[in-house]
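The values are calculated or read from the model by the stated rules, or taken from the named source; none is laboratory data. Treat the numbers as computed from the prediction; the structure is a model and nothing was measured. Virtual Cβ from ideal backbone geometry, glycine too; neighbours counted across all protein chains shown. Protein only, heavy atoms only, side chains kept; ligands, DNA and RNA dropped before computing areas. Shrake-Rupley method; radii C 1.70, N 1.55, O 1.52, S 1.80 Å.
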Amino acid sequence: FGHALFFGAGGYVTFVLLSKVDGMTFYPAVILAVLASVLLALISGMVTLRLRGVYFAMFTLAFAEMFWVLAKSGTLRDYTGAEDGLLIRDFVPEALNPTPTFTGNRLEMYQITLVFFVIVFLAIRRYLNSPVGRVMLSIRENEERARTIGYNTVLYKLLTMTFAGMLATLSGVLFVLWTTDKRVKPDLLSLNYTVDPLLYTLIGGVGTLSGPVISALGLELGEAYLRDETITVGSTVYE
């Protein structure tokens, strides 16, 4: 339940660096955001991975929500913009700005996102088929047995948590670039961006790679195309 922490960190760390550090450019800021997500994963993982079940889920949720509250508060207003968010339009590279009112590179942004998706999909598949991934599968099936035969299960779970955090951070950067108001808002750290990927996974099929992809595609397209549609069933009209 800590996915939103890394998703939001992508936007916040990248654009706080761009706005506050003289001479900082976009791509080095993204790299530093990824490194920050590695640090967050190590900190949260070392604390939470010794917990199990509902205790692990609740602690990771609380850890992520702590940063959401901090981003909304006025304590770091100079950096996060509090509830108003951080205006980023002056720091978005022209080639990565899909907003029609500015450069309008929507097709190029789509192509970049598509390439990113393919790379991430292949990277996850390769990770699962690697020796580390095989150990993770054995931990999923029976952690006690994996520990008994000599694997440090906490270390392997920490590696996987770090890998997932890096992917979420990069996804957060792309998501912020796509926003029309060009602001990094505390909503990026909210529970919605933890629950949505979880729902995609549950609906598409836990333990599969293609299932969550199909689920996310179907749900997002359904929301986009059916939002304003009127459906008539017999004499009843549904909007």
Original post:
Can PHE116 be described as touching a Phe, Trp or Tyr at 6+ places or on another chain (Cβ under 7 Å) and either of a type in the set (Gly, Ala, Ser) or closer than 30 Å to PRO98 by Cβ (or both)?
Top reply: no
**OP:** Would you please name the residue that is farthest from LEU137 (Cα to Cα), looking only at residues in segment 149-200 that are of a type in the set (Phe, Trp, Tyr) and within 15 Å of the chain's Cα centre (by Cα)?
**Re:** TRP178
Original post:
Restricted to segment 102-128, and to residues that are surrounded by 15 or more Cβ atoms within 10 Å (Cβ to Cβ) and more than 13 Å from PHE163 (Cα to Cα), which residue is modelled with the highest pLDDT?
Top reply: PHE116
Original post:
Within segment 31-56, can you find the residues that are open to solvent by less than 10 Å² (accessible area, probe 1.4 Å) and closer than 14 Å to ALA168 by Cβ?
Top reply: ALA33, SER37, ALA41, SER44, GLY45
**OP:** State yes or no: is VAL120 in contact with a strand residue (DSSP E or B) (Cβ under 7 Å, 6 or more places away or on another chain) and not acidic (Asp, Glu)?
**Re:** no
Subject >> Exclusive hit being assigned to a helix (DSSP H, G or I), at pLDDT below 85 and either exposed (fewer than 12 other Cβ atoms within 10 Å of the Cβ) or not aromatic (Phe, Trp, Tyr) (or both), set LEU170, LEU188 >> reply: LEU188
Original post:
Is there any pair linking a residue in segment 68-90 that is modelled with pLDDT of 75 or more to one that is open to solvent by 90 Å² or more (accessible area, probe 1.4 Å), with Cβ under 6 Å and at least six apart or on different chains, and which?
Top reply: LYS72/GLU83
**OP:** Could you check how many residues of segment 173-185 are in a helix (DSSP H, G or I) and either of a type in the set (Lys, Arg) or open to solvent by 50 Å² or more (accessible area, probe 1.4 Å) (or both)?
**Re:** 2
Original post:
Right, PHE59: within 23 Å of LYS182 (Cα to Cα) and open to solvent by 40 Å² or more (accessible area, probe 1.4 Å) or not?
Top reply: no
Original post:
Restricting the search to segment 148-176, which residues are more than 30 Å from ALA29 (Cβ to Cβ) and touching a residue at least 12 places away in the same chain (Cβ under 8 Å)?
Top reply: TYR151, THR153, VAL154, TYR156
**OP:** Looking only at segment 71-86, decide whether some residue is open to solvent by 70 Å² or more (accessible area, probe 1.4 Å), in contact with a Gly (Cβ under 9 Å, 6 or more places away or on another chain) and within 17 Å of SER19 (Cα to Cα).
**Re:** no
**OP:** Consider LEU51 carefully, then state whether it is part of a helix (DSSP H, G or I) and either at pLDDT 85 or above or under 26 Å from TYR156 (Cβ atoms) (or both).
**Re:** no
